[in-house]
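Working notes for the structure below.
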């Protein structure tokens with residue numbers, strides 16, 4: 001009977017999943033989609049530039065700011081990007097030389113377009129044409145770090161690929177074509193012809209004719225990451241704006257929807273983004289961008305997506321992962337202080353009818369401030385017409401007291417719901433094959449009054465080494481530079497088979513606990529029979545990390561924790577961290593352990609490599625590691641660490 005029940009429940013679960021699978025591509029078959037998409041000649045996603053009455057309803061302060069900023073670039077000399085800038089990535093691992101030139105050109109073009117929309121006097125037209133022509137003459141619209149390895153550092157123009165920034169480039173040119181089309185034609189029709197030819201050869205044809213790795217799972221079965229929805233949003237945006245043939249428009253959108261389902265289908269039901277909050281803006285948020293654009297192009301035919309529970313959870317992740325006003329949970333490659341795309345967050349919250357998310361977006365919205373274009377350019381046009389609505393919405397941070405993401409295996413608990421005061425604890429299980437993975441199972445962070453105490457260092461500067469087979473040679477990607485244990489010389493390994501098992505979350509009014517078995521996170525040679533790790537918050541009191549383990553043989557075990565303050569041994573069994581609060585007052589925190597079992601080793605991490613510059617930009621040159629090392633080799637035992645004021 002039990003087997004029958006299990007089979008029945010499994011069958012029901014599969015059927016329920018099957019109903020949700022292909023949420024985007026299954027709704028409208030090809031022939032229906034063709035009738036659903038508004039024809040090119042009838043589509044007006046935003047008012048034309050000559051509709052001054054409509055544009056007078058947009059955010060005038062922000063548009064004026066763009067105009068003032070664009071005025072600084074009237075004499076801008078559009079730079080040529082030399083071959084050696086691309087080769088620098090191959091030769092030295094440097095990404096910045098090329099990217100700074102490429103990104104700035106697009107920023108200037110986008111700013112000038114917004115300024116011309118505001119003024120509509122032709123002051124920026126010639127420079128916009130210069131920018132369009134300069135970008136069209138580039139050999140590659142993407143960046144060298146994304147080129148195939150077999151091209152040796154320079155793009156193969158005969159075999160174009162579409163990366164994140166090639167797709168972004170098409171969007172910039174498509175909006176210039178949309179808003180300034182007739183004005184460009186009055187100069188010469190060659191400008192728009194060039195835009196379309198380049199977009200076809202570099203973007204539309206390769207996307208229709210060739211499989212790109214971001215379109216589906218990788219060879220290990222890992223689901224696509226933010227590249228998938230981010231590129232699709234620019235693909236859909238530019239094809240709808242530039243392609244006049246309805247059949248080709250439909251075919252491209254139909255394929256893009258199938259590609260998007262490759263991202264959405266395996267996405268966890270809890271909406272957890274394993275890339276973290278700083279990548280959420282290009283992952284779940286880019287999925288939302290696709291829905292926003294599709295609704296503009298179909299008279300809201302995709303509004304049904306906003307009722308889907310997974311899609312709602314994906315949006316809500318951004319405030320569930322918040323620590324305090326400035327800090328967010330930064331497991332893996334995420335940043336501790338990411339920028340918030342406030343207008344987009346507000347719109348996402350409004351579309352899924354989540355007032356907390358709308359309040360969250362309104363909190364970060366800065367009315368007339370000019371934030372120069374960089375990525376996700378089309379978000380500006382949505383935002384310009386709802387800024388007054390956002391400003392009239394109460395800005396408020398939800399700051400949930402407890403969060404459990406069962407698929408991601410991440411828990412969050414804070415002393416006081418809705419406040420940053422007191423302790424904040426987050427911890428994770430999962431596996432070591434996440435997108436932007438760090439080997440960090442059993443890792444945790446502790447904040448106090450919204451400020452970091454025990455930290456996840458996060459990522460540094462991306463170089464050629466970052467996404468190569470040398471990734472885990474970089475210190476901050478390793479488990480022994482996370483708040484996790486080591487067994488002898490063995491550390492956690494990368495790959496889907498390295499997991500946290502028997503993960504159990506126990507919420508409570510006073511105590512919140514996450515426990516797991518970490519034995520499968522380490523190589524078999526480590527000889528771990530069992531490693532139970534329990535991470536808990538006692539509200540108002542502090543954090544406790546407890547470990548119980550059994551090994552095949554004796555080994556020296558160690559517990560690591562990372563901090564951005566200089567720790568010191570105060571007395572046997574106590575390491576003090578001189579935490580500094582918002583006012584600058586030092587509040588000592590104690591890390592307590594059994595000094596008869598363990599001895600502390602304190603070290604300041606030298607930040608001297610190119611990859612380390614990104615660490616300095618986030619934390620300063622103040623990263624410390626405390627290692628509590630077993631005094632004697634053991635084959636089983638228990639040890640615990642308590643963190644309190």
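Readers should treat all values here as calculations from the given coordinates under stated rules, not as data from a laboratory. Quick caveat, the model's predicted, so the values are computed rather than measured. Positions of Cβ are backbone-derived with ideal geometry, glycine not excepted, and every protein chain shown enters the neighbour counts.
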Query raised in the report: Between residue 300 and residue 258, what FRET efficiency follows from the Cβ-Cβ distance if R0 is 25 Å, with the result rounded to 0.05?
Result: 0.75
**Report entry** Percent of alpha-carbon pairs separated by more than 21 Å within the range 221-363
**Finding:** 41
Query raised in the report: Taking a quarter of the surface of the convex hull around the Cα atoms of the range 11-391, what do you get in nm²?
Result: 19.3
Requested in this report: Please give the contour-minus-distance gain from residue 60 to residue 529: 0.36 nm per residue of separation, less the Cα-Cα distance, rounded to one decimal in nm.
Outcome: 162.3 nm
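Could you list 304, 365 so that the one with the fewest beta carbons within 10 Å of its beta carbon is first and the one with the most is last?
Listed from fewest to most nearby Cβ atoms, that is 304, 365.
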Query raised in the report: Relative contact order for the chain using alpha-carbon pairs under 8 Å, separation at least 6, rounded to a whole percent?
Result: 10
Query raised in the report: Taking one equal scatterer on every alpha-carbon of the range 402-644, how large is log10 of I(q)/I(0) by Debye at q = 0.07, 0.15, 0.18 1/Å?
Result: -0.21, -1.09, -1.58
Report summary line: So the FRET efficiency between residue 84 and residue 372, C-beta based with R0 = 30 Å and rounded to 0.05, is 0.65
Query raised in the report: Using the count of nearby Cβ atoms within 10 Å as a rough guide to exposure, how do 434, 244, 269 rank from fewest to most?
Result: 244, 269, 434
Query - Between the range 174-229 and the range 427-497, the alpha-carbon center distance in angstrom - result: 35
Query - Footprinting exposure proxy for 242, 502 (fewest neighbouring C-beta atoms within 10 Å first) - result: 502, 242
Query - Principal-axis tilt of helix 83-92 within the chain, Cα atoms, nearest 10 degrees - result: 10
Report task. Set the Förster radius R0 to 51 Å, insert the Cβ-Cβ distance between residue 182 and residue 502 as r into 1/(1 + (r/R0)^6), and round the FRET efficiency to 0.05. Result -> 0.20
Report task. Specify the angular offset, from 0 to 90 degrees and rounded to the nearest 10, of the alpha carbon long axis of helix 227-242 from the longest principal axis of the alpha carbons in the chain. Result -> 10
Requested in this report: Any chance you could give the angle, 0 to 90 degrees and rounded to 10, that helix 246-264 forms with the longest Cα principal axis of the chain?
Outcome: 0
Query raised in the report: So how much slack lies between residue 608 and residue 150, counting 0.36 nm per residue of separation and subtracting their Cα-Cα distance, in nm?
Result: 161.8 nm
Requested in this report: Go ahead and collect, in residue order, the members of the range 288-316 whose backbone nitrogen is under 20 Å from a label point 7 Å along the Cα-Cβ direction of residue 35.
Outcome: 295-304
